[in-house]
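Peer 1: One structure, pasted below without further comment.
The values are calculated or read from the model by the stated rules, or taken from the named source; none is laboratory data. Predicted, not measured: the structure shown is a model, and the values here were computed from it. With ideal geometry, Cβ positions are generated from the backbone for all residues, glycine too; neighbour counts draw on all protein chains shown.
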Amino acid sequence: MRPYTKRDRGSAATDWNPSQSQNRPPVGGESSRRPPFTAQARPERFHREDHEEGLSAEQKGPPARRRSAGFTLLEVLVALTILAVSLGALIKAGSEHTRNTHYLQERTLAHWTGQNLIARYEAGLLQPRGGSQRGTLRQAGQDWDYRVEIREEVPEGPLELPPVLRVEVSVWLASGSPDDVRARVVGYLLP
């Protein structure tokens with residue numbers, strides 16, 4: 001088989017030039033025939049050795065290396081390292097998000113429990129007694145321990161006002177420690 005040369009690139013029958021009037025594309029109702037196509041033999045792959053036949057050793061240069069279509073071991077290891085680091089960060093972010101969501105849910109329920117206690121005092125369902133009281137309430141399927149501290153306060157202002165009762169409710173999980181308060185709610189009652 002002879003080497004592929006510049007002369008094999010095309011012929012007048014296959015080269016279509018839009019600037020030539022006889023080879024212009026069809027317009028409107030003209031025939032849609034294109035110039036005939038002639039198949040020419042072309043080599044499957046370009047091989048440097050086929051084209052370096054009369055050259056000296058310096059003109060030929062280093063022999064061509066053939067690359068395979070796959071990935072190298074180093075490329076695979078780098079990709080796996082990047083994947084492992086990104087998945088680790090994703091798992092950590094997901095677990096932190098879950099933990100924060102659970103903590104915020106507990107704080108919300110504890111706050112509602114404290115507000116419910118203050119609403120009971122305001123509605124007259126519970127009688128305010130000075131000092132500190134402890135108890136347990138059930139809210140949303142969980143048991144909550146609470147501590148209520150009631151004391152008399154005189155509001156400050158330009159006018160003299162009667163004293164009011166300050167109600168401070170601290171709420172924590174019944175299974176937890178009183179030092180691990182989830183919510184603290186403050187309300188005021190008229191005596």
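Yes or no, residue by residue, for (1) free of Cβ contacts under 8 Å to residues at least 60 places away in the same chain; (2) over 30 Å from GLU153 (Cα atoms):
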site	(1), (2)
LEU74	yes, yes
THR81	yes, yes
ILE91	yes, yes
ARG99	yes, yes
THR113	no, no
GLN127	yes, no
GLY131	yes, no
GLY141	yes, yes
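Peer 1: Just to be sure I understand, how many residues within segment 66-98 are over 13 Å from the mean Cα position of the chain (by Cα) and in a helix (DSSP H, G or I)?
Peer 2: Final tally of qualifying residues: 17.
Peer 1: Looking at segment 161-174, is at least one residue aliphatic (A, V, I, L, M), exposed (fewer than 12 other Cβ atoms within 10 Å of the Cβ) and in a loop (DSSP other than H, G, I, E, B)?
Peer 2: Looking through segment 161-174, at least one residue is aliphatic (A, V, I, L, M), exposed (fewer than 12 other Cβ atoms within 10 Å of the Cβ) and in a loop (DSSP other than H, G, I, E, B).
Peer 1: Specify which of the listed residues (GLY135, GLY187, GLY131, GLY124) is under 13 Å from HIS111 (Cα atoms), over 39 Å from the mean Cα position of the chain (by Cα) and of a type outside the set (D, E, K, R).
Peer 2: Exactly one residue qualifies, and that residue is GLY187.
Peer 1: Moving to a separate point now. Being under 15 Å from LEU190 (Cβ atoms), at pLDDT below 90 and exposed (fewer than 12 other Cβ atoms within 10 Å of the Cβ), is that true of even one residue in segment 131-138?
Peer 2: Scanning segment 131-138 turns up no residue that is under 15 Å from LEU190 (Cβ atoms), at pLDDT below 90 and exposed (fewer than 12 other Cβ atoms within 10 Å of the Cβ).
Peer 1: Determine whether THR113 is assigned to a strand (DSSP E or B), more than 31 Å from the chain's Cα centre (by Cα) and among the hydroxyl-bearing types (Ser, Thr, Tyr).
Peer 2: no
Peer 1: Still on this structure, please answer the following. Give the residue that is surrounded by the most Cβ atoms within 10 Å (Cβ to Cβ), with candidates limited to residues of segment 143-160 that are of a type in the set (Asp, Glu), closer than 19 Å to GLN115 by Cα and touching a residue at least 24 places away in the same chain (Cβ under 8 Å).
Peer 2: Of everything passing the filter in segment 143-160, ASP145 is surrounded by the most Cβ atoms within 10 Å (Cβ to Cβ).
Peer 1: Continuing with this model, one more query. Please go through segment 51-106 and pick out each residue that is hydroxyl-bearing (Ser, Thr, Tyr), surrounded by 10 or more Cβ atoms within 10 Å (Cβ to Cβ), more than 30 Å from ALA140 (Cβ to Cβ) and modelled with pLDDT under 95.
Peer 2: Result: THR72, single match.
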